[in-house]
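Novice: Before we start, here is the structure in question, set down as structure tokens.
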Amino acid sequence: MSGPSSPRGWLNFAASVTASYRRTHSARLENEGWTDRRVNDIRETAISIIRMAEKSANGNGGAGLLYSFYVEEAPWCSFNPVEQKIISTTVKAFRRELVTAGFLPKESENKEPQNA
């Protein structure tokens with residue numbers, strides 16, 4: 001699946017998808033026509049990415065900090081040193097989760113071979 005190339009991009013993608021998709025049984029004021037949800041798994045992908053971010057936070061509050069930093073674009077200097085350490089640790093774990101799930105390529109695949 002092609003998509004964003006960084007953890008920030010994947011988390012922003014997941015946040016935008018979950019914001020734009022309504023609950024499946026909620027009332028709609030506008031007729032959007034019939035859509036076959038069986039052929040589009042974008043919502044499930046977004047849910048999976050959010051779950052990976054929560055799992056990588058390991059219950060230390062890093063998911064909320066990561067969301068503030070990546071999605072809400074809070075400046076790095078607005079976090080105290082302890083929060084900065086939590087964010088950097090969570091980012092590394094989140095990247096690892098994305099690579100394991102196949103959303104991001106491994107580091108060795110990103111680098112182009114050197115022509116000698």
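The values are calculated or read from the model by the stated rules, or taken from the named source; none is laboratory data. Being a predicted model, the structure only gives us computed values, none of them experimental. As a convention, Cβ positions derive from the backbone with ideal geometry for all residues, glycine included, and neighbour counts pool all protein chains shown.
Novice: Can you say whether Ala57 is in contact with a helix residue (DSSP H, G or I) (Cβ under 6 Å, 6 or more places away or on another chain), modelled with pLDDT under 90 and farther than 17 Å from Gly9 by Cα, as far as the supplied structure shows?
Specialist: Details: in contact with a helix residue (DSSP H, G or I) (Cβ under 6 Å, 6 or more places away or on another chain): yes; modelled with pLDDT under 90: yes; farther than 17 Å from Gly9 by Cα: yes.
Criteria met by Ala57.
Novice: Quick check, is Glu72 of a type outside the set (S, T, N, Q) and more than 12 Å from the chain's Cα centre (by Cα)?
Specialist: Working: of a type outside the set (S, T, N, Q): yes; more than 12 Å from the chain's Cα centre (by Cα): yes.
Judged against the criteria, Glu72 is a match.
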